[in-house]
Amino acid sequence: MPLSIPAGTQTGDTFIVRGKGMPSLRRGERGDQHVKVFVEVPKRLSAEQREALKKFADLLKGNSSAHPVRESFVEKAKKFFQL
């Protein structure tokens, strides 16, 4: 089952693949499959890779959209209950 992961996908993002989940016991049709993304960061980098990442980070400085801020559960709850 091929799944395209778009650029900018973050750890914890979930994609729904319609009709590719578990079959229903009563109706026989298939449900939806939920795919959760986990981004793995390499533990060891060569000097060249480290330098490339530093250059990339320098290019992103000042670009707040490049670093999305995730809200904690408490922050989401506060926002939800505000009038």
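The values are calculated or read from the model by the stated rules, or taken from the named source; none is laboratory data. Worth saying up front: this structure is predicted, and the values here are computed from it rather than measured. Note: ideal-geometry Cβ built from the backbone for every residue, glycine included; neighbour counts use all protein chains shown.
Summed over segment 13-46, residues that are out of contact with any Phe, Trp or Tyr (no Cβ under 8 Å at 6 or more places or on another chain) and part of a loop (DSSP other than H, G, I, E, B) total 23. Scan segment 24-48 for residues that are surrounded by 10 or more Cβ atoms within 10 Å (Cβ to Cβ) and more than 30 Å from residue 73 (Cα to Cα) and jot them down. Once the filter is applied, which keeps residues that are surrounded by 10 or more Cβ atoms within 10 Å (Cβ to Cβ) and more than 30 Å from residue 73 (Cα to Cα), segment 24-48 yields 24, 30, 45.
Counting only residues that are farther than 22 Å from residue 5 by Cβ and part of a loop (DSSP other than H, G, I, E, B), which one in segment 47-71 is modelled with the highest pLDDT? If we take residues in segment 47-71 being farther than 22 Å from residue 5 by Cβ and part of a loop (DSSP other than H, G, I, E, B), then 61 is modelled with the highest pLDDT.
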